[in-house]
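The values are calculated or read from the model by the stated rules, or taken from the named source; none is laboratory data. As the structure is a prediction and not an experimental result, all values here were calculated from the model. With ideal geometry, Cβ positions are generated from the backbone for all residues, glycine too; neighbour counts draw on all protein chains shown.
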Amino acid sequence: MRRFGYRRDLRLTLHMWLATALLVVVYAPLVLWLMGIASVIASPLRWLVVIAVAIGLPLVVTELGERAVLATVSARIVGERAEPWLHEALARLCAAADLPRPRIAVSESPVPNTLAAGRSRRRGVIVVTRGLIERLEPQELEAVLAHELCHIAHRDALVMTVLGLPSLAARRLLRWWVRTPLVVFVPFLCLAWVGYALATLALMSLSRYREFVADRGAAVLTGAPEQLMSALQKIAIGLPLIPQRDLRDVVGVNAFFVLPATPESDSLHLDPLRIFPTHPPLASRLSALGELARNFGRLAPTDEHLDGGPAEAPNPFAPASFFAAVAAWAMVGLLVLDLVQNRTVSVPPVLVLLPPLVWAIGVFLGMQALGRAQTTGASVALATAAVVLLLAPFGLAVLAAAGAAGALLLFA
């Protein structure tokens, strides 16, 4: 008997559309390149190439995205003989939710975690690590499977799979690049890093809210929010016990994990997949689940017994980055006004270089602010506003250039 239905969450849908819009900016260079190829082909075949790309590109991207996620955690698809209990538990959940059963993949990583990816509800895949299987009780593991099933049901796993491909590809490319003599091409490296940051920002714009939706869905599906609460706490307690090398190996898919596996470090970060807050604070998730448990009449830990991570601490990078963002664009506005009024820039050349320098400092400080908020949630809104204020005009410029170039190539 069906006892659970996945209702569309309007806010989650809006987050997915926002993330998709950011993704368009990330893929704009690729689209321009493909349009350039189409422009040199004979006219009768040009539109066939455009149509083929429009149909084939989404299929290729989702397939490659799924393969990239599985490869990052070294997971392999397993059948019912290899992991019978996982398949039985997932079959029960899918029967209760009236959903097709996704595939199951197991990673031998000791990092206790799980994620969902895939092309659709029917072609989804849930990845479970060996560390998670060994740490959780059966009821807790079933609650985590229900959480990942919600990601597939709401189709945010599909959007995350597409979003994750450019981020994972850029991460591997940059790691290879900095180890070769090509690192001398610093301007190109910076442009690649900005694209990587935009892709990660798109991931962040969706991944934070979708965890609340999946937590709520799993609690309703299993009828036992306390089991998911217990599982999340065990994962949070177990992550610091994992060797740092193992955590660094899987940090690339942090946005997919039920909890981020971020290696401990007090230094400044440059990797967007480590510094952007991909998940809401654990304390907030536990509090929401506890409220659900009380509504269900279930016994749940009281607030004073919830281990939600470190308490919120001051985040001085957030106001500094926002001030830098406002200052950078104010200086650009003054330079433009000076150019319009005097037909030339009358300020010293050194001051002309000041806005881009302040812009770069603002982006760096904003990302550090988001990194500091990774576990506590301190000043996330202010830091995000600063980064968006600095990077959004860049993204709009790329999108406008892509549209103009595409129009010229196709209709010239």
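So which of Ser230, Ser167, Ser207 is hydroxyl-bearing (Ser, Thr, Tyr) and modelled with pLDDT of 90 or more? Only one candidate passes the filter, namely Ser230.
A count restricted to the range 196-210 and to residues that are buried (at least 23 other Cβ atoms within 10 Å of the Cβ) and closer than 11 Å to Arg285 by Cα stands at 0. In the range 354-396, the residue that is modelled with the lowest pLDDT out of those that are outside any helix (DSSP H, G or I) and of a type in the set (Val, Ile, Thr) is Thr375.
Okay, residues lined up against (1) at negative phi; (2) aromatic (Phe, Trp, Tyr); (3) at pLDDT below 70; (4) assigned to a loop (DSSP other than H, G, I, E, B):
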| site | (1), (2), (3), (4) |
| --- | --- |
| Gly308 | yes, no, yes, yes |
| Asn315 | yes, no, no, yes |
| Ala320 | yes, no, no, no |
| Phe323 | yes, yes, no, no |
| Leu334 | yes, no, no, no |
| Leu337 | yes, no, no, no |
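Picking from residues in the range 282-306 that are at pLDDT below 85 and hydroxyl-bearing (Ser, Thr, Tyr), the one that is surrounded by the most Cβ atoms within 10 Å (Cβ to Cβ) is Ser284. All of Ala116, Ala95 fail the test of being under 28 Å from Ala199 (Cα atoms) and among the small types (Gly, Ala, Ser), apart from Ala116.
Residues that are touching a residue at least 60 places away in the same chain (Cβ under 8 Å) and surrounded by fewer than 18 Cβ atoms within 10 Å (Cβ to Cβ) were ranked within the range 86-109; the one that is farthest from Ala157 (Cα to Cα) is Ala96.
All but one of (1) surrounded by 15 or more Cβ atoms within 10 Å (Cβ to Cβ); (2) on the phi > 0 side of the Ramachandran plot; (3) of a type outside the set (A, V, I, L, M) hold for Arg343; which doesn't? Result: Arg343 fails condition (1) only.
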